[in-house]
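The values are calculated or read from the model by the stated rules, or taken from the named source; none is laboratory data. Keep in mind that what you see is a predicted model, and the values were worked out from it rather than measured. Because the Cβ atoms are built from the backbone with ideal geometry, glycine has one as well, and the counts that use them run over all protein chains shown.
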Amino acid sequence: MEQTNDLKERAIEQILHEIDVGIHVVDHHGTTIIYNRKMAEIEGMIRDDVLNRSLMDVFSFHKDEDSTLLQALKNGTIIKNAKQTYFNNRGKEITTVNHTIPILKDGSLIGAMEIARDVTKLEKLIRENMNKRNDTRYTFDSIIGSSTAIIEIMESSKRATRTNSSVLIIGETGTGKELFAQSIHNGSNRSSHPFISQNCAALPDNLIEGLLFGTKRGAFTGSIDRPGLFEQADGGTLLLDEINSLNPALQAKLLRVIQEKVVRRVGDTKDRKIDVRIIATMNEDPIDAISGGRLRKDLYYRLSVVSLFIPPLRDRRGDILELAQFFIEKYNHLFGMKVTKIDDIVLQKFHQYEWPGNIRELEHMIEGAMNLVDNEATITYDHLPIHFRKKTNYKLESNQPEYLPPEVNQITTLDKYMEEAEVFYLKSVLQHHSYNITKAAYSLGMSRQSLQYRLKKYCIRRP
């Protein structure tokens, strides 16, 4: 019997920590006596910081009665599917949907138990999307470039503002797809209505469905009546980024909404009429996505009424200088600097580079370089990130003498040779940077302290 009881206790404890819901039990004083791993994960806490401590000493609520555990202790009633937002001891906001049950013994209240599901991420995303409702600062005037490739795609995009047809924007990461989507919205007769953007790859399927189509109270544990993004964007534009990341079942539901212009919330039986223009984006060729099973063919045909292929930066190299100057002006303003130009060597390397990250990579390159500029007006090669300089393999000086190996009759030990070569190279780099230790160390990919150690070790001094 004792062995059986021990097995039961161990099994209950293991189940408690393995289940995928949070469990929190307090005694009649509000002191925590059970707190499982999932609950600690939801609340971002260490279990030992919660166990055997008063609930109100660890967590803070907008009002005391907002704590569902305290309500259950106070009133002795079961609370079902109650959403509450509160804060842990580090001020982190947590939102859960709780099922809270008072614990009775012989008719006396001895504690309360709470079963919690985490909806923090969903609440945050909903608030972010509501805040994005009118965050459409880009227009066609925001698009930088005068190359033939970019002028052609801008003209096609401007023509798309005249209708309400769906638009599919295809382009590599960092080419500015959302910039074009916002420009189309702002140039259309929907510009005074909401523009809502959602990255379809940012959420798991069970969250994205409720976020897109809305939910009905009671459809699942914790669900409440909430409009989805389609309803929120009514009269305006809904941008679905990375549409090919949605699973086929959701793509089929999306197709129905687009075709019938009605949306049905998850768990509901009622259809709601909507008037929404869909703009979708993807970062791969649609034909590859269809053949790979990542995009339904019927959805592609429905979305691609207007198809826009945004050219990568390597196909519009004539815009590099104009874009770089724009980013210099941007970070001059942000950093309070006065950089005015780019060195010819830098511009040459920019035109030779393939830019896998496109315009976004160019912006980060300029921002990184300007963090290294020290009271200078020109961005030089030495200001560029070390990974870029390694890829472009730029030599210090075209007339810089190379270290030559000794003659055969002067062969020395390998250690001696390596030391002489290191000294020679260190002197060359220092000379190139006019003995600026910080810049030389950055070029060499080492810390300032490491370089100073080597200079001291080899007795290298400024002449």
- Does THR148 meet the test of being of a type in the set (Ser, Thr, Tyr), assigned by TED's automatic domain parsing to the domain that holds VAL262 and crowded, with 16+ Cβ neighbours inside 10 Å? no
Only one of (1) in a helix (DSSP H, G or I); (2) surrounded by fewer than 21 Cβ atoms within 10 Å (Cβ to Cβ); (3) under 26 Å from the mean Cα position of the chain (by Cα) does not apply to ALA369, and that is (2)
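Working only within the range 333-351, note down all residues that are free of Cβ contacts under 8 Å to residues at least 24 places away in the same chain and either in contact with a Pro (Cβ under 8 Å, 6 or more places away or on another chain) or among the polar types (S, T, N, Q) (or both). Walk me through it before giving the result.
If we filter the range 333-351 for residues that are free of Cβ contacts under 8 Å to residues at least 24 places away in the same chain, which is where we start, we get 333-334, 336, 344, 348.
Scanning the range 333-351 gives a single hit, GLN348.
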Given the conditions (1) surrounded by 16 or more Cβ atoms within 10 Å (Cβ to Cβ); (2) small (Gly, Ala, Ser); (3) closer than 29 Å to ARG360 by Cα, every one holds for GLY292 apart from (1)
Answer with yes or no whether GLY228 is in contact with a Gly (Cβ under 6 Å, 6 or more places away or on another chain), of a type outside the set (D, E, K, R) and free of Cβ contacts under 8 Å to residues at least 40 places away in the same chain. yes
Residue count, the range 72-83, condition in a helix (DSSP H, G or I), within 41 Å of the chain's Cα centre (by Cα) and farther than 16 Å from ASP27 by Cβ, comes to 0
Taking the range 26-41 and keeping only residues that are buried (at least 19 other Cβ atoms within 10 Å of the Cβ) and outside any helix (DSSP H, G or I), one is left with VAL26, THR32, TYR35, ASN36
Among the residues of the range 42-64, is any at pLDDT below 85, farther than 14 Å from ILE115 by Cβ and part of a loop (DSSP other than H, G, I, E, B)? yes
Across (1) within 26 Å of the chain's Cα centre (by Cα); (2) closer than 23 Å to LYS216 by Cβ, ALA324 clears everything bar (2)
Residue pairs within 7 Å by beta carbon, gap of at least six or interchain, first lying in the range 277-298 and assigned by TED's automatic domain parsing to the domain that holds LYS253, second of a type in the set (Lys, Arg) and outside any loop (DSSP other than H, G, I, E, B), listed first then second, are THR281/LYS177; ILE290/LYS297
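Going through the range 251-289 one residue at a time, which ones are of a type in the set (Asp, Glu) and outside any strand (DSSP E or B)? Give the derivation first.
Our first condition is that a residue be of a type in the set (Asp, Glu); within the range 251-289, this holds for 260, 268, 271, 275, 284-285, 288.
Listed by number, the residues that qualify are GLU260, ASP268, ASP275, GLU284, ASP285, ASP288.
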